[in-house]
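The values are calculated or read from the model by the stated rules, or taken from the named source; none is laboratory data. Note that the coordinates shown come from a computational prediction; the quantities given were computed from them, not determined experimentally. Cβ: placed from backbone, ideal geometry, glycine included. Neighbour counts: every protein chain shown. For accessibility, only protein heavy atoms count, side chains too; no ligands or nucleic acids. Shrake-Rupley method; radii C 1.70, N 1.55, O 1.52, S 1.80 Å.
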Amino acid sequence: MKSGELLRELYHCLHCHLCNFADWHALDEWLPLCPSYSYFGFESFSASGKMEIARALLSGGLKPSSRTLQVLFSDLGCGACHSQCHGLTGLKVDHVELFEELKAMLVERGYGPMPKQKSYAESIRRNHNPYWEKHEKRTAWLEEELPSQARTVYFVGCTSSYRQKEIARSTIEILLRSGEEFALLGREEWCCGSPLLRTGQRKLAKELAEHNLEALRKAGAKTVVFSCAGCYRTFSKDYPRLLGRELGMELLHTSQYFLRILSGRKLKGKGRKVTYHDPCHLGRGMGVYEPPRELLRLVSGSLIEMKRSRENSWCCGAGSGVKSAFPDFALWSASKRLEEAEKTGAEVLVSSCPFCKRNLEDAGRKRGGMEVKDLSELLAEALA
Ligand code: SF4
Ligand code: SF4
């Protein structure tokens, strides 16, 4: 949308505040859904408040202050507001895209991002990952020699490579035990660029996209499989936009790929009661709600839904650079999710994104709480 059209569209926000709550019609109660509005408690942190800020910035009536930066760079980009607003009003704005656009505009004008967010951009420039880890250690978790050429390539992602290595290991176990032919990019894999794109730092992201796609082309990839919901969304939605072309490869989240290769196989789950947390990038971002649930029904005793699930999911609080720049807010959001998960009576909270697992586990460590697992870990157990 051009900025003139966008500005006109922004005037159509009714300030009805329905974007702050989960769908009342489906749930029959008013449950909060916008973490930033719930945590900070000011209108400016809600979607409609950010639309006001957008209007003022686009019409030149607002000079960004440190408070403006705090409001915009603490936005999670979880998309809960967008799914509520679009279901209930005629507003044509894509809230997530708008907030990302505003951040990019500010960065271009020399405002923001937050210091921690700038710092991981520097790490990506030097090490190809946001964690200030050496690039040579990207495959340190790997125990076996694996091919570097195949039609199917597993794109591991930075968080599974350096922080939640158990997810990368479980994924490899599943692929090996299923007899799938697949390759890894190894050190040719670089950060997908999601942490940059979510914080308005677009320049370097394009270089990463070009590098990763060239590496995949050389590997002979026709299908690319992702553990990380963020990488999956970045390749699927951001890369074509950044590069102005379709990628010409099939892109799948592991939940979709595992369902394809494991359907009809005998799986021996431990029969535990589980509940499922929809990662925002996978659910609202890419519309993938059912494959993880279908797999969980195969390996768990029962799958009990939280009140807020699918489009109505509460964000874990980690995304868009919030975990590093606003750690208290990120952990608060995750602890709210843990509280909700515990109320289901489930033994395990399962997600299908390494960054969700990381934040939910961190919150659980702080307050004590239920076990958190990635879907791939449960599937690897069931195939053992
Ligand atoms: S639901 Fe949409 S129209 Fe209503 S306040 Fe939120 S953004 Fe504005
Ligand atoms: S994207 Fe998420 S955190 Fe941001 S305004 Fe919308 S609901 Fe709130």
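Once the Cα atoms are used to define both axes, helix 290-299 deviates from the longest principal axis of the chain by about 40 degrees.
Structure note, pairs LYS218/LYS373; LYS118/LYS336; LYS103/LYS203: Cα-Cα distances above 22 angstrom occur for LYS218/LYS373; LYS118/LYS336. Across the chain, the relative contact order, built from alpha-carbon pairs under 8 Å that are at least six residues apart, equals 17 percent.
Carbon and sulfur: what percent of the range 267-383's accessible surface (1.4 Å probe)?
Ligands and nucleic acids excluded, carbon and sulfur give 48 percent.
Taking the solvent-accessible surface of protein heavy atoms with a 1.4 Å probe, what is the per residue accessible area of the range 128-260 in Å²?
Here the per-residue accessible area is 41 Å².
Report, to the nearest 10°, how far helix 165-177 tilts away from the longest principal axis of the Cα atoms in the chain, using its own Cα long axis and a range of 0 to 90°. Compared with the principal axis, the helix lies near 50 degrees. Here the accessible area of the range 5-143 is 53 percent carbon and sulfur, with a 1.4 angstrom probe and all protein chains present. In the full protein context, the range 3-108 carries 45 Å² of accessible surface per residue, based on a 1.4 Å probe and ignoring ligands, DNA and RNA.
Between the helical axis of 47-58 and the longest alpha-carbon principal axis of the chain there is an angle of about 60 degrees. Using Cα positions and a limit of under 24 Å, work out the lysines in reach of LYS222, with same-chain residues fewer than 8 apart set aside. Answer for LYS222, where 24 Å is the Cα cut-off: LYS206, LYS237, listed by chain and number. Treating r as the C-beta distance of LEU27 and GLU290 and R0 as 22 Å, the FRET efficiency rounds to 0.65. Please report how far the C-alpha centroid of the range 1-78 lies from that of the range 153-176, rounded to the nearest whole angstrom. Centre-to-centre (Cα) distance: 35 Å.
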